[in-house]
Every structure is written in structure tokens, then in C-alpha cells.
1. Kindly list the number of the only condition in (1) under 16 Å from the mean Cα position of the chain (by Cα); (2) farther than 30 Å from residue 58 by Cβ; (3) free of Cβ contacts under 8 Å to residues at least 60 places away in the same chain; (4) surrounded by 16 or more Cβ atoms within 10 Å (Cβ to Cβ) that fails for residue 162.
2. Out of the residues in the stretch 127-173 that are part of a loop (DSSP other than H, G, I, E, B) and over 26 Å from residue 99 (Cα atoms), state the one that is modelled with the lowest pLDDT.
């Protein structure tokens, strides 16, 4: 797994249902939720480090400060069962990516575009999968949308080996 993908794994673990992580990444919702931070050491933007019950509308985030930290977040809009978050599609696609089945990773992650067509992290992951699968134009299209919706994705892409095949394309400048 490349450094950027490892970083996204950390963001997923740390930020599902959080409004924003300390580095400005994360899905950006404000749903009610419960966060459990353990074992290891973690800090959060509200100042607690064990169990955090968050009321609706509260912006929150957590940052692991020690290896071995696990953050479990449970959240959602009361009375609602969906849609799935963009990160759930990425998470479901991850085993296919790791096994080299990029076509299946694309298929799984692309399902999230119906509910989250502009999500920069989902588009970024799709760009990685498409590039690795040899789908240059699709990878570029996904990356352009990611760049437009989260400028931090440019930095992620700058060293991500998954994107080596498209990095120098003039359309990405």
C-alpha cells in the first residue's frame, strides 16, 4: 500500500462520521455519534480521550498520537438508515485493491458516486484504482474532480505510486 493510501486508511479509521480531522481532511458531516478511542493514545478536538457521546451539530475530530490507537465511530442521522458514507464504498473496495483486482475495486467504489458524485476522497481512490487498471482517462477525470473539491488531494497525489502512470499528464496541472 502506498503512503497516500496508508494515510487514507488512517483518515478512515480516525474520521468516519467526524466533521473534520485536525489536518482538514475527513468526510465533513455533522451527524450525531459515539467515538471510542482506545488502546494507545488519541486526542480529540473536544478534549476527551475515552468515550465521547456527541450531540447533533457538534463538529468533532480525533487524531491518533500513538501507534496502536483505534478509534471506533458510530453515527448517523436519527431515524435514517442511509445513504452509506463515501468511505464505506472505499472500505469495501480496499480488499480488491490489495489483491490487485482493480476492476472489482473500481466497480465497488463507483457505486458510491450515485450518492456522493463530488466526494474528493472517493474520487481520489477511484483515480488510484483506474490508473492501476490502465484506465488513464477515467483516472484523470476522477483526479480532476478530487482536486476541484479538496486541494489537499494534489499533495496526496504528488507521491502516490498508484498514480505514477498519470502524474505528468498536462490535464492535471
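1. Failing condition for residue 162: (3).
2. Here is the first cut: in the stretch 127-173, the residues part of a loop (DSSP other than H, G, I, E, B) are 133-135, 150-151, 159-160, 164-169, 173.
So of that shortlist, the ones also over 26 Å from residue 99 (Cα atoms) come out as 150-151, 168-169, 173.
Values: 150: 96, 151: 95, 168: 91, 169: 94, 173: 87.
Here the residue is 173.
The values are calculated or read from the model by the stated rules, or taken from the named source; none is laboratory data. If you're wondering where the values come from, they're calculated on a predicted model, not measured in any experiment. Counting neighbours? That spans all protein chains shown, and the Cβs are built from the backbone with ideal geometry, glycine included.
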